Amino acid sequence: MKKKRGKWVKHPVLAVFIVFIMLLVFALVLVLHRVIDKQFLRQHPEYVDVMETAGEETDTEKNRQNGKNEIDYSVMSGTVTTVSEATPGQAFVADKKALSLFRGYMFHIVLPEGIKAEELRFQDDYMKRRLTIYYPVEYFEEFSTHEPEGLMTDVKRWKYKQGVTQGKLAITFSKTFAFHYCIEDGVLYVKYGSPSYYYDDIVVIDPGHGGEDYGAYTYNQSYIEKDIINAVNNYLYYDYIKQKKIMVYFTRVEDENYSLAQRIGLANDINADLFISLHCNFLTSWQGAARGVETAYNQKDASKPYNSKWLAEKLQNTFSHAVGLDNRGIIKGADLKVLRLAKMPACLLEMGFISDSVDAATLSNGSMQKRAAEAIEQVVEEALEEMKHE
């Protein structure tokens, strides 16, 4: 008995034709979207990146050279403050003229009558690609009728929510941005662009695991990978917030967990110069015994002069020497998602084996954790300096 063939099998030419039409429509939609964007920018020059102006260097372009943010992790100055001091990449500027000196897209929101600038707070949850604007709850009804207007490129959605004492507007983006704000004539202006527009040196430090993900741990949890990583990361964080040279984004500061895609996605979004992930090694008793430091690297960028292997070698040698643990060398890490998806020199530092009593005791010592953080900072500074001579 012959089986009936599907109608698409009977008419393969028709199936191919329909697929072709669908691809053609998709391509036309993309072209139309770009044309509309270009037309909008021509009609609204205030949204155009001032650095894209051709010809001789103008006074505006000279001023734009100063449009680099000062490295500042503290609660931002000005009449508008941020929710978290762990938020990099935000700045409040005086007016629209000052705002125009920064690259990026801009939208605005008409503020409720009577609201004061100091009553607004901003939280840039860069790991979730979300900017939240908080305000007193009595303004919720009026505020929620004022939707953002302007160039909403890369804005996925926005949502108003009413709480007990405050209202909020949460705006979710398709990638991570840095933000600048100003308030003029009762209107809040928000300009957003890649952090690489505003900072010369950007590094992402990725403390592995976090939250309910403890990582590896020994019997009775006497040594826990997450705890050691958190301790080293705290030294890194509090060292970096005191300096004004390198902009460092941490995939987490608190004890929380993000997916591997979110971690490396942050680094790719912000065009980071370096990516370093922190971990500890572990072997079960049936796997044998091992001790020492090793560093995995992304070998897919081998053709670049300053690549992941170059970074891994620097980190491996400097770190193992600083903490006094065995140097096990570097290893290829193409099977590690946070490395193989990286668009910059990226490596994963295994600081030692917590299954080994010597390594575990060393990595759990406060003074050694501080020394570990200082070794990482040294490598970051040296690597960035070398990359400038490329």
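Based on this model, can you work out whether Thr165 counts as modelled with pLDDT of 90 or more, of a type in the set (Val, Ile, Thr) and farther than 29 Å from Arg263 by Cα? Yes; evaluated as a whole, the condition is true for this residue. Identify, by number, the condition in (1) assigned to a helix (DSSP H, G or I); (2) at pLDDT below 90 that Glu138 doesn't meet. With respect to (1) assigned to a helix (DSSP H, G or I); (2) at pLDDT below 90, Glu138 is out only on (2). Just so you know, in the stretch 129-181 the residues that are among the small types (Gly, Ala, Ser) and in contact (Cβ under 8 Å) with a residue 40 or more places away in the chain include one that is surrounded by the fewest Cβ atoms within 10 Å (Cβ to Cβ), and it is Ser174. On the stretch given as the stretch 95-123, residues that are part of a loop (DSSP other than H, G, I, E, B) and in contact with a helix residue (DSSP H, G or I) (Cβ under 9 Å, 6 or more places away or on another chain) total 10. So, in the stretch 320-371, of the ones that are of a type in the set (Val, Ile, Thr) and not in a helix (DSSP H, G or I), which residue ends up farthest from Asn271 (Cα to Cα)? Only one residue tops the list, namely Ile354. Give me the residue from the stretch 342-390 that is out of contact with any Phe, Trp or Tyr (no Cβ under 6 Å at 6 or more places or on another chain) and of a type in the set (Gly, Ala, Ser) and, out of that set, modelled with the lowest pLDDT. Selected residue: Ser357. Can you confirm whether the stretch 282-289 contains a residue that is in contact with an Asp or Glu (Cβ under 6 Å, 6 or more places away or on another chain) and either on the phi < 0 side of the Ramachandran plot or in a strand (DSSP E or B) (or both)? No, the stretch 282-289 contains no residue that is in contact with an Asp or Glu (Cβ under 6 Å, 6 or more places away or on another chain) and either on the phi < 0 side of the Ramachandran plot or in a strand (DSSP E or B) (or both). Here the condition is being assigned by TED's automatic domain parsing to the domain that holds Val155 and at pLDDT below 50; of Val83, Val110, it holds for Val83 alone. For the stretch 214-247, the set of residues classified as part of a helix (DSSP H, G or I), under 23 Å from the mean Cα position of the chain (by Cα) and hydroxyl-bearing (Ser, Thr, Tyr) consists of Tyr235, Tyr237, Tyr238, Tyr240, listed by residue number. Residue-level analysis places Tyr192 outside the set of residues that are within 14 Å of Asp124 (Cα to Cα), surrounded by 15 or more Cβ atoms within 10 Å (Cβ to Cβ), at pLDDT below 90 and assigned by TED's automatic domain parsing to the domain that holds Gly114.
Of the residues making up the stretch 352-382, those that are touching an Asp or Glu at 6+ places or on another chain (Cβ under 8 Å) and within 22 Å of Leu274 (Cβ to Cβ) are Gly352, Ala373, Glu374, Glu377. A search for C-beta distances below 7 Å between a residue of the stretch 247-270 that is over 12 Å from Val204 (Cα atoms) and any residue that is in a loop (DSSP other than H, G, I, E, B) and hydroxyl-bearing (Ser, Thr, Tyr), counting only pairs 6+ apart in sequence or on different chains, returns Tyr258/Thr251.
Filtered by the rule that a residue be surrounded by fewer than 21 Cβ atoms within 10 Å (Cβ to Cβ) and either hydrophobic (A, V, I, L, M, F, W, C) or assigned by TED's automatic domain parsing to the domain that holds Ser174 (or both), the stretch 254-281 gives Leu260, Ala261.
The values are calculated or read from the model by the stated rules, or taken from the named source; none is laboratory data. Computed from a predicted model, the values in this text were never measured in an experiment. Backbone-built Cβ (ideal geometry, glycine too); neighbour counts: all protein chains shown.
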